1. What order do you get for 178-184, 74-80 when each peptide is scored by the mean count of other beta carbon atoms within 10 Å, highest first?
2. Beyond a 25 Å Cα-Cα separation, which of these cross-linked pairs lie in this structure: Lys21/Lys91; Lys82/Lys167; Lys8/Lys30; Lys85/Lys167; Lys44/Lys91?
3. Normalised by the number of residues in segment 2-97, what is the relative contact order in percent for Cα pairs under 8 Å and 6+ residues apart?
4. Exposure proxy check: Glu29, Glu48 ranked by fewest other beta carbons within 10 Å?
Amino acid sequence: MRYQISGKQIDIGESLQTHVKAELGEIVEKYAGRPTEANVIFSKSGHEYVCETIVHLSTGLTAQAKGHATEIYAAFDSSGEKMDKQLRRYKRRLKDHHRARSQPVELSDAGSYILATTEDEETDSHADDSPVIVAEMQAKIPELSVGEAVMQMEIADAPVLVFRNEKHNGINVVYRRDDGNIGWVDPRNQS
């Protein structure tokens, strides 16, 4: 597994890096046999340390966990416990669905943009209604079944997931509705 361990305005020592690699490696090894990539970012918020852990599995799942504590090791341990819980749920759901994916999930490149909001409509006298692009990034769109997309969205605790439907190769969206249910947008199935 590849690790990227960094700190935002914090020096990360060798001892902490060794601890993170050993503990996170053990957690991921229990639930995912394929090689993975892990990003661990430490930062400080007030008097607390914050540890954000992101694990990318070759099946396409991206699991995220965040831990807070007054000590840096405790913040990582908190994040590790949450990651363990997410990966355990993911593995259980895979077993429940009796689905073994023989090939890794294919990822497509897409552009991702952050647009500026207009704060006051009256002062916005642009003749052009084009929004101002604040940032441009690359995003990866996984090729999944609808069930896998819902599972990935729930495990990552994301409000929405854009994916390429593996049945017809079209772009689809699953999202969490205000009533607690899951919505699915498939432009191909229009009446």
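1. Ranked from most to least packed, the peptides come out as 74-80, 178-184.
2. Lys82/Lys167; Lys8/Lys30; Lys85/Lys167; Lys44/Lys91
3. On the way: 149 pairs, mean separation 22.6, N = 96.
So the answer I get is 24 percent.
4. Fewest-to-most Cβ neighbours within 10 Å comes out as Glu29, Glu48.
Only the coordinates and a few stated rules stand behind these numbers; no lab work does. For clarity, every value in this text was computed on a predicted model and none was experimentally measured. Reconstructed Cβ throughout: ideal geometry from the backbone, glycine too, with neighbour counts over all protein chains shown.
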